[in-house]
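Colleague: Starting off with a structure, shown below.
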């Protein structure tokens, strides 16, 4: 995996909550046995009309977002199916980071991203940024107001900077330390885990899997 | 210190804590299917790695397989290529495969328990979010992405962060004809599709204890629809009876079984164990559930009207409008006025023998409405054989149903079974997302009994007061 340090790009708004991975990449594209080629199929059913031409009603198809690389959306993005193809599709469609709001705390907490999706992003160098609902609403309004609005993601400092015409606005975000370290260095999970093979072997000697041979 | 069931399983599988704050967790069983595995096997090839424990790895084909009589000849060349890739990968890496035509083939989450692969106290993963199903046995089971599939194949471990624990207690007894599908849909309606994110559910209480293993699997299956990667039910005599009553080739027997049973009996959460979150639901008050929208959290009691734009907790008016437009519904409509075109009884949620028995009990001696297409798809070849031995296939066929072969079928329409745009379906599956059962298709999630009764009447009915169409 390539390391992620900083990225600057145009924001594109997908103003919907609970976008599930069936919408991000529909089932017919899951038949591929390859890891590439999913980009043009991201958001397929929303993005294209029945005749295969781009759907002008779909917000991400607007010409002003053609060069976008940061997706701005609402909470619980990526819920449903565990298909990693959803992350492959977004990454191959040019998205390096996704911004979504979390709401509330404790029992009332609603996350910006679904669990498995967020985990899959971490394996593919896509940075998932969770900000407060107020902050995300502010960014949505700024994106609607200012064509070509860019933002910078600085993973090391855990900051998203909005480059508005009136000046930069900075948003700090929380980020899992283990994932951050991995993305910054572009580490491979399997390679890392194989370093603990002695621990795994020792564990296996005393562990019963109840497997009938 | 008192521990929950989850913590007991976690502790028993912890290889070691890692410096970066994650933990290396040992995986006892790895289920593999054709859709989410090809890129993982390819990754092994590119790095020259092997499958560390082929004997703990089991694969089958379910998503792509046709379910009609001509199922052995897959017409779609891309589906066929994916199935062939799994055959080659299993042969190259020494992994067991129950392919099309094998008497043990079926939906991965149906054959695991059926073959005794799923056992209490184990950890289990699969590149499929409905792996949570196996939690019904007190198995810590969850879905993973393809990168993690490759990680498990190579190391037999996963890097994990410990989840929070979320106890869901169902007190009291269920009303007649209300069942586990309604229990889990009710929960999702209450907490939303993100409510369980970061947590592992433990389902407990009188109403859960009274459920069969099949019914327990239905609840755990839809944990992911409540945002939780896993759901657990403590093993008990019902669990042990399921494992030992039939020949389950991979389950321990004899002295091994006695040793296993002693361990399994120690698994339930300690009485004073503390959960991060607790929710109590009065099971006696649960009504049959029907989804009206495009998310499993958009669900109501069968006797409630389709909600207004501002009446749905957790969804904005715009989201509700979008969902209603997609579904072709209006606020205030009665569910009993909604007429599905197709009824799908099947999927890893509701395709086991008890699900088919419940549907057959409704359909016995009755006919589907003329306007309805009725599809009954057993979850595995073994379920199909057992249903036929019990004469259920005859009940279905006499009612006008198509009696199919095992597979995921219309749950996600990666195979020829799919909805046309705007076609409306009452489905016993797990997801009513836009296009899930076919682009433009409209899905209402229900229990097998509710689906069967809707097939007879041609519209939804309140199964509690239904007079059988007489």
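Read the figures in this text as sums done on the coordinates, not as results from a lab. None of the values given here were measured: they were computed from a predicted structure. For neighbour counting, all protein chains shown are included, and Cβ atoms are generated from backbone atoms with ideal geometry for every residue, glycine included.
Colleague: First measure r as the distance between the Cβ atoms of residue A:177 and residue A:3, then evaluate 1/(1 + (r/R0)^6) with R0 = 22 Å and state the FRET efficiency to the nearest 0.05.
Modeller: Efficiency at R0 = 22 Å is approximately 0.85.
Colleague: Let me check against my output: what whole-number percent is the relative contact order of the range A:101-213, with C-alpha pairs under 8 Å and at least 6 apart?
Modeller: Relative contact order comes out at 17 percent.
Colleague: Give the residues of the range A:50-84 whose amide nitrogen is closer than 13 Å to a point set 7 Å from the Cα of residue B:322 in the direction of its Cβ.
Modeller: A:58-60, A:72-79, by backbone N distance to the label point.
Colleague: So for chain B, averaging the separation of alpha carbon pairs under 8 Å that are six or more residues apart and normalising by length, what relative contact order in percent results?
Modeller: 17
Colleague: State the antiparallel share, in %, of DSSP beta bridges confined to the protein assembly as shown, rounding to the nearest 5.
Modeller: 35
Colleague: Wrap a convex hull around the Cα atoms of the range B:1-75, take a quarter of its surface area, and give that in square nanometres. Mind dumping the intermediate values first?
Modeller: Details: hull surface 35.6 nm².
Over all viewing directions, the range B:1-75 projects a mean Cα-hull area of 8.9 nm².
Colleague: Taking chain A as a Gaussian network, where each spring joins two C-alpha atoms under 10 Å apart, which residue of A:34, A:62, A:182 fluctuates the most?
Modeller: A:34
Colleague: Here's a follow-up. What ratio of Cα Rg to 2.2 N^0.38 Å holds for the range B:141-236?
Modeller: The range B:141-236 yields a ratio of 1.18.
Colleague: Now, a different point. Volume per residue, Å³, of the convex hull around the alpha-carbon atoms of the range B:1-145?
Modeller: Convex hull of Cα atoms, per residue: 126 Å³.
Colleague: Could you bin all the Cα-Cα distances of the range B:103-189 into 10 Å bins starting at 0 and give me the percent of pairs in each, rounded to whole numbers?
Modeller: Bins of 10 Å from zero give 14, 38, 34, 12, 2 percent of pairs.
Colleague: Need one number: nm distance between label points at residue B:389 and residue A:15, each 7 Å from Cα along Cα→Cβ, rounded to one decimal.
Modeller: Distance between label points: 5.9 nm.
Colleague: What's log10 of I(q)/I(0) for the range A:136-184 at q = 0.19, 0.23, 0.24, 0.30 Å⁻¹, Debye sum over Cα points only, no solvent?
Modeller: Log-scaled intensity ratios, in q order: -0.65, -0.82, -0.86, -1.11.
Colleague: For the range B:354-470, what's the radius of gyration and Dmax over Cα atoms, in angstrom?
Modeller: Using the Cα atoms of the range B:354-470, the pair Rg, Dmax is 13.6, 38 Å.
Colleague: As a test of the formula, what do you get for the protein assembly as shown when each DSSP H run with n ≥ 4 contributes -39,500 (n - 2.57) and the sum is divided by the residue count, at 222 nm and rounded to the nearest 500 deg cm²/dmol?
Modeller: Only helices count here, giving -8500 deg cm²/dmol.
Colleague: Right, next: Over chain A, what is the mean sequence separation of C-alpha contacts under 8 Å (at least six apart), divided by residue count, expressed as relative contact order in percent? Show your work: numbers first, answer last.
Modeller: Numbers: 376 pairs, mean separation 51.3, N = 213.
Computed over chain A, the figure is 24 percent.
Colleague: Quick one: give the max-minus-min coordinate of the C-alpha atoms of the range B:345-417 along each principal axis, largest first, in Å.
Modeller: Largest to smallest, the principal-axis extents are 32, 29, 16 Å.
Colleague: With the convex hull built on the Cα atoms of the range B:222-264, state its orientation-averaged projected area in nm².
Modeller: Details: hull surface 16.0 nm².
So the mean shadow area of the Cα hull is 4.0 nm².
Colleague: Once you have a ≥ b ≥ c as the square roots of the Cα gyration tensor eigenvalues for the range B:86-153, tell me rounded if a/c is under 1.5, and otherwise prolate or oblate according to whether a/b is larger than b/c.
Modeller: oblate
Colleague: List the residues of the range B:9-35 whose backbone N lies under 17 Å from a point placed 7 Å from the Cα of residue A:185 along the Cα-to-Cβ direction.
Modeller: B:17-24
Colleague: Show me, bin by bin at 5 Å from 0, the whole-percent P(r) of the range B:276-321 based on Cα pairs.
Modeller: Result returned by the calculation: 5, 19, 24, 21, 16, 12, 4.
Colleague: Checking the a/c ratio against 1.5 first, then a/b against b/c, what shape does the Cα gyration tensor give for the range B:247-286?
Modeller: oblate
Colleague: Now for a different question. What translational diffusion coefficient, in µm²/s and rounded to a whole number, does the Stokes-Einstein relation yield for the range A:1-108 at 10 °C and a viscosity of 1.306 mPa s, taking the hydrodynamic radius as the Kirkwood radius over Cα pairs? Present the calculation step by step, with values, prior to reporting the outcome.
Modeller: Values: Rh = 14.8 Å.
Answer, rounded: 107 µm²/s.
Colleague: Please compute the Kirkwood hydrodynamic radius over the range B:159-298, one decimal place, Å, based on all pairs of different Cα atoms.
Modeller: Hydrodynamic radius (Kirkwood, Cα pairs) of the range B:159-298 is 16.2 Å.
Colleague: For the range B:274-416, what mean projected area does the convex hull of the alpha carbons give, in nm²?
Modeller: Over all viewing directions, the range B:274-416 projects a mean Cα-hull area of 11.9 nm².
Colleague: Apply the Debye scattering formula to chain B, with a single equal point scatterer on each alpha-carbon and no solvent, then give log10 I(q)/I(0) at q = 0.05, 0.10, 0.11 Å⁻¹.
Modeller: Ignoring solvent entirely, the Cα scatterers give -0.17, -0.70, -0.86.
Colleague: FRET efficiency for residue A:134 and residue B:11, Cβ-Cβ distance as r, R0 = 45 Å, nearest 0.05?
Modeller: 0.65
Colleague: Pick from A:174, A:115, A:20: which residue has the top mean-square fluctuation in a GNM of chain A where Cα pairs under 10 Å get a spring?
Modeller: Comparing A:174, A:115, A:20 in a Gaussian network model of chain A, the most mobile one is A:174.
Colleague: Right, something else. Run the simple label-point estimate for residue A:204 and residue B:422 please: 7 Å along Cα→C-beta, distance reported in nm.
Modeller: With each label point 7 Å from Cα toward Cβ, the separation is 5.8 nm.
Colleague: Pop the C-beta distance of residue B:88 and residue A:197 into the FRET formula with R0 = 41 Å and round what comes out to the nearest 0.05.
Modeller: After rounding to 0.05, the efficiency reads 0.90.
Colleague: In nm, to one decimal, how far is the residue A:67 label point from the residue B:367 one, both placed 7 Å along Cα→Cβ?
Modeller: It is 6.7 nm.
Colleague: Can you give the Rg and Dmax of the protein assembly as shown based on its C-alpha atoms, in angstrom?
Modeller: Spelled out, the Cα radius of gyration and Dmax of the protein assembly as shown are 23.9, 76 Å.
Colleague: Separate question: Assuming 0.36 nm per residue, please report the length gained on full extension of the stretch residue B:73 to residue B:313 beyond their Cα-Cα distance.
Modeller: That pair, residue B:73 and residue B:313, stretches by 81.7 nm at full extension.
Colleague: To two decimal places, what compactness ratio does the range A:84-180 give when its Cα radius of gyration is scaled by 2.2 N^0.38 Å?
Modeller: Normalised Rg, Cα atoms only: 1.10.
Colleague: Here's something else I'd like to know. In whole angstrom, and with the biggest value first, how far do the Cα coordinates of chain A range along each principal axis?
Modeller: Extents along the principal axes, in whole Å: 62, 43, 36.
Colleague: Of all alpha-carbon pairs in the range A:1-64, indicate the percentage at a distance above 16 angstrom.
Modeller: Working: 1191 of 2016 pairs.
Of the Cα pairs, 59 percent sit more than 16 Å apart.
Colleague: Additional query: For the range A:52-126, max minus min Cα coordinate along each principal axis, in Å, sorted largest first?
Modeller: 43, 24, 20
Colleague: Can I ask one more? Taking 1 over the mean of 1/r across every pair of different Cα atoms in the range B:244-313, what Kirkwood radius in Å do you get? Intermediate results must be reported in sequence, preceding the final value.
Modeller: Values: mean 1/r = 0.0575 Å⁻¹.
One over the average 1/r among Cα pairs gives 17.4 Å for the range B:244-313.
Colleague: Something else: Using 0.36 nm times the number of residues separating residue B:46 and residue B:2, minus their current alpha carbon distance, what extension gain do you get?
Modeller: 11.3 nm
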